[in-house]
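Computed from the coordinates by the stated procedures, all read-outs in this text should not be read as laboratory data. The structure displayed is predicted, hence computed values, not measured ones. We place every Cβ from the backbone using ideal geometry, glycine too, and count neighbours over all the protein chains shown.
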């Protein structure tokens, strides 16, 4: 009984007297090295004048959820304010030897693998608090992977808005149509987080995501 009351009041105070949530949470999800942090940096630079976090070609550079509050994105007459969460890349397997191949020593690689595993668990836990999710996929890679299917499967069970950002459209191997064919249930927008290609189109889709 006490827990029920506590949950009721928690939900009650999550809304203001004028209706609507005070703090919408938007999460960036996807596999490692798809460009989540690059996209987070692009959004934060454009609308806050600061970056979210460090970017690296080594997988799992982001190993903890990073959050920026009160990000307001505008497109035309539409405006959306939210807390932006950049989550660690989700993977179905973590092998420390993969980090050794990237030039790390064994001890450092083992520690990175351990932190990456914790980061994946943290990402999935945060999913319960998200009001909307942007799935960031590398548009040069075949989208039919176990990782992507796992992410999409988790989101399909939740009744929240989803937008797929097909990143790296600046590269020749980019193929947005493959992503559209793989996940037709969600809107797909091509973008280059690094160079800003079609970022205006991305913001237009984003502001219309949460109605």
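Note on residue 159 and residue 114: their simple-model spin labels are 4.2 nm apart, each label 7 Å out from Cα toward Cβ. Here the simple spin-label model places points 7 Å from the Cα toward Cβ, and for residue 105 and residue 78 these points are separated by 5.1 nm.
For the stretch 66-210, averaging the sequence separation of C-alpha pairs within contact (under 8 Å, six or more residues apart) and dividing by the residue count gives a relative contact order of 22 percent. Output the antiparallel fraction of DSSP beta bridges having both residues in the stretch 22-207, as a percent to the nearest 5. Of those bridges, close to 30 percent are antiparallel.
On a per residue basis, the convex hull of the C-alpha atoms belonging to the stretch 22-207 measures out at 117 Å³. When each of the peptides 136-143, 74-81, 109-116 is scored by how many other beta carbons lie within 10 Å of its residues on average, the order from highest to lowest is 136-143, 109-116, 74-81.
A straight chain from residue 181 to residue 140 at 0.36 nm per residue would run longer than the Cα-Cα distance by 13.3 nm.
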